[in-house]
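Each reported figure results from applying straightforward, stated rules to the coordinates on display, with no laboratory input. Keep in mind that what you see is a predicted model, and the values were worked out from it rather than measured. Here Cβ is always computed from backbone atoms with ideal geometry, including for glycine, and neighbour counts include all displayed protein chains.
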């Protein structure tokens, strides 16, 4: 057991534990005097399970894990297809399996499985160059689950697959002109998406992003209340469990999408600096792992993981401040949720394993 | 094959790391902008929506009758409201709300729009006076429509319903023009008296509204109270009305239109004032309802909103003859013994003026002329005077002025004179002598309010005291619940010549004993129990060719029946005036109403009083249905 704990990278572990502490305090405050008063306990349980999984994975040779990446990917596709058929419909979207009273969102895990498999495929070939076939193969591997997820529909989740598509080919040596071409493609795709793919409520979200104060009682209401919560927190915040926006329920969905606003309101700019600093250290350490990795597949996985964490950070923290569209992307360690928490910890476990192997060899 | 030796991967990872830190820096900048630069702005917004100043409406004083029966009570009422700042804007929200409330969506949209334009300080009331089912519904739909709230407010309850509608009036929200005209006196959303004593006694009844600063959550529910100024309740007060007497008047009038006024001869207090048809002030507390429009406002024929005792102008008919007689006696053109021959009609200025009795009364002295209500006698008296002589007498005894009762919008009694005609008919300003003949029997241009008429008969009963009719009796002491009687308004004493008075008094007594009223067996029966005095009147509404024609006329063209007098005959206590519209003769339609009032005051009230000692709060009327639960 002691051996296992030694396998953990202490710098990464401290950052994770600190973020868990911040998130737990936030959820305690957000759930106070609501039907979700015990959500911080429930989330602590998920964190505990997640930490245990992380501990288990850290001592496993990453190469053994990559060996299972293809079957996992296939299983994930089956799960995504199955959820469309037998999944539970909540709020107009079919995203969840219900297992023993718990909801489970397969797309959360599928994101990491896809990353795992794409890293494995591209990492097992020669480095510093990427063939067209390889590239299109990778694009297909990522886009196929994205389309299945968009069927649910869940645009935010589908978009969170994009770092895989962008980062791994870049790390593998994709030329700059290809990146330009890709960005052009994304731009055109975005235009096409607006015209064809996007559902009215999704368009609405983008429009509200452009002018959040247009309709206070509507969709923009949530972001507006969140901005008021953040802004009124000021430099040092209103104090733990003393945020008026949070405690008087002006802040919407405060245990998931808008959890970070709770922290910002009650802990102020100082608290925001602390949290964002910790996230910066987390990303930094994950990229260290990419640099130290023994195989390309491991390096690609770590880089992709850093990309996915960055995207969650950017979209959630930016969204609650009204700087980005309301995409409904969770913030790791802050937003309550079992599927996402376990998925994050599984990824972190693999990264821990990469760091461990880099250290011992 | 070791990736750590590959410069490209290292280079690109280094660039990525730099990008993640710039991402963190970018987010830090956004939060610095919101939390440091725009801190005050957002702090204000957070405060604005969480801290509210809500008025605490002060309960108005209760209104009791002279014996302590409650006429106006306060109840606790719950209303489903939307605060002004929370009005929904989106049509789909309004439509969903209408569906939840089971009301017409278009009507709700109109309601919200007109409320928004009106700029009222009180919240928009969606449903008033919620009952148990209403509260349950409100609680259910509040989860979906968080901008709804339930407001607790004192509500006026008029216990007698239509018993004293015109006297009491009703309350409502202060009008914008009034509030803007007197911003020191009224504030936005304040409840004030709109009609009747609620309006004229507003300053006595109203309390001082308080306010509280509260913390509310997103649903508008009060979470904490930062402190409040309590409301000061208005003082409760007694009216001079006698609820029992008022009830007698209401029952006696029944479905007939008209007016009843009874004055207390001791101080001019109004013992009863009933305008028929009456209205139920309770209905006017709610926003205009279709029921109300149908019953009151659209009803042009009977005009129920007019307070007839002080706003109805009636030709006094024969009840006016007493003033003519008084003028003739004081002018010296007639004595009590002056006899005039009545042949059923008499010609003046080339025109026949007919007496009510076509066969004629023969030769009559003044007492009998009053008792028999001989028109020719008073044609003759009038023909010997100028119209200004009659006017001068009326003016001397204060009849040309308003009575000054403490009710709003009293009309002035109209006694014609030459000066009046110049003003009233500039195209034909000359006064014709023939017009004076009509004035002699209370027709033509003469128009009195029932209250003015009662006051004149009070003057006759008191040998010249011109009382100021009033409703305010006194405040209720908040500790002991006892009446603190207010000094009655001053009266003017213009003593009548005792000889003149004796003649008039005897004439009025004879009306009931043997004259026009005494012909009615019901009157005779009551006069046997309580001798009283009075004068019948039958005021023409239209001129008819013959009696058969008259009988065929629509009801609304029939004569108004009047009866005015005082009781008991010796040492009178009350004076009264009764008008029954389009009912025919005064002796058959109006005198019985008066007789019932006399019987109640002089007999029944004493032997069988309403079970309520002064000061104790007992409702003499059936209580309202159970109020909203806590």
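Distance between the C-alpha centres of segment B:152-183 and segment B:211-263: 8 Å, rounded to the whole angstrom. Counts of other chain beta carbons within 10 angstrom of each beta carbon in peptide A:90-103 average 0. For residue A:93 and residue B:479, the FRET efficiency from 1/(1 + (r/R0)^6), where r spans their Cβ atoms and R0 equals 56 Å, is about 0.25. What distance in nm separates the simple spin-label points at residue B:524 and residue B:337, each placed 7 Å from Cα in the Cβ direction? Spacing of the two 7 Å Cα→Cβ label points: 3.2 nm. Of the peptides B:502-509, A:269-276, the order by per-residue mean of other Cβ atoms within 10 Å, starting with the highest, comes out as B:502-509, A:269-276. Coordinate range of the alpha-carbon atoms in the protein assembly as shown per principal axis, descending: 149, 56, 48 Å. If you fit an axis through the alpha-carbon atoms of helix B:387-396 and take the longest principal axis of the Cα set of chain B, what angle between them do you get, 0 to 90°, nearest 10? Value to nearest ten degrees: 60. Chain A gives an Rg/Rh value of 0.96, both radii derived from C-alpha positions and Rh following Kirkwood. Remark on segment A:104-160: ratio of C-alpha radius of gyration to 2.2 N^0.38 Å is 1.24.
Which order do the peptides B:77-88, B:336-347 take when ranked by the mean count of other beta-carbon atoms within 10 Å per residue, highest first?
Result, highest mean Cβ count within 10 Å first: B:77-88, B:336-347.
Per residue of B:46-59, other chain Cβ atoms within 10 Å of the residue Cβ number 2 on average. Tilt of helix B:450-461 relative to the longest C-alpha principal axis of chain B, in degrees (0 to 90, nearest 10)? Its long axis makes an angle of about 50 degrees.
Counting every alpha-carbon pair across segment B:196-274, the share separated by more than 14 Å comes to 75%.
If neighbour count is taken as other Cβ atoms inside 10 Å, put A:70, B:532, B:456 in order from fewest to most. Could the numbers behind the result be given before it?
Values: A:70 14, B:532 30, B:456 27.
Arranged by neighbour count, lowest to highest, A:70, B:532, B:456 become A:70, B:456, B:532.
The mean sequence distance of close C-alpha pairs (under 8 Å, at least 6 residues apart), as a share of the length of chain B, puts its relative contact order at 15 percent. Simple spin-label estimate for residue A:185 and residue B:136 gives 6.2 nm between the two label positions (7 Å along the Cα-to-Cβ direction from each Cα).
Taken as Cα centroids, segment B:452-483 and segment B:350-408 sit 28 Å apart, rounded to the nearest whole angstrom.
On a 0 to 90° scale, report how tilted helix B:243-253 is relative to the longest principal axis of chain B, with both axes built from alpha carbons and the result rounded to the nearest 10. Here the helix axis deviates by roughly 70 degrees.
Against the compact-protein benchmark of 2.2 N^0.38 Å, the Cα-based radius of gyration of segment A:258-308 scales to 1.49.
Counting alpha carbon pairs within less than 8 Å and at least 6 residues apart, what relative contact order, in whole percent, applies to chain A? Provide the component values of the computation, followed by the final result.
Numbers: 530 pairs, mean separation 103.4, N = 361.
Result for chain A is 29 percent.
Among A:257, A:154, A:288, the largest mean-square fluctuation in a Gaussian network model of chain A, built with springs joining Cα atoms closer than 10 Å, belongs to A:288.
Normalising the average separation of contacting C-alpha pairs (under 8 angstrom, six or more residues apart) by the number of residues puts the relative contact order of segment B:459-541 at 24 percent. Here the label points at residue A:273 and residue A:100, each 7 Å from Cα along the C-beta direction, are separated by 4.5 nm in the simple model.
On the principal axes of its alpha-carbon atoms, segment B:1-121 has extents of 109, 35, 28 Å, going from largest to smallest.
Averaged over B:88-98, how many beta carbons belonging to a partner chain fall within 10 Å of each residue's beta carbon? Walk me through the numbers on the way to the answer.
On the way: counts 1, 4, 3, 0, 1, 2, 0, 0, 0, 0, 0.
If you average over the peptide's residues, the count of other-chain Cβ atoms is 1.
When the Debye formula is applied to the Cα atoms of chain B, each taken as the same point scatterer, what base-10 log of I(q)/I(0) results at q = 0.08 Å⁻¹? Log-scaled intensity ratios, in q order: -0.69. Treating r as the C-beta distance of residue B:222 and residue B:412 and R0 as 35 Å, the FRET efficiency rounds to 0.10. Here the calculated FRET efficiency for residue B:90 and residue B:603, from their Cβ-Cβ distance with R0 = 60 Å, stands at 0.30, rounded to the nearest 0.05.
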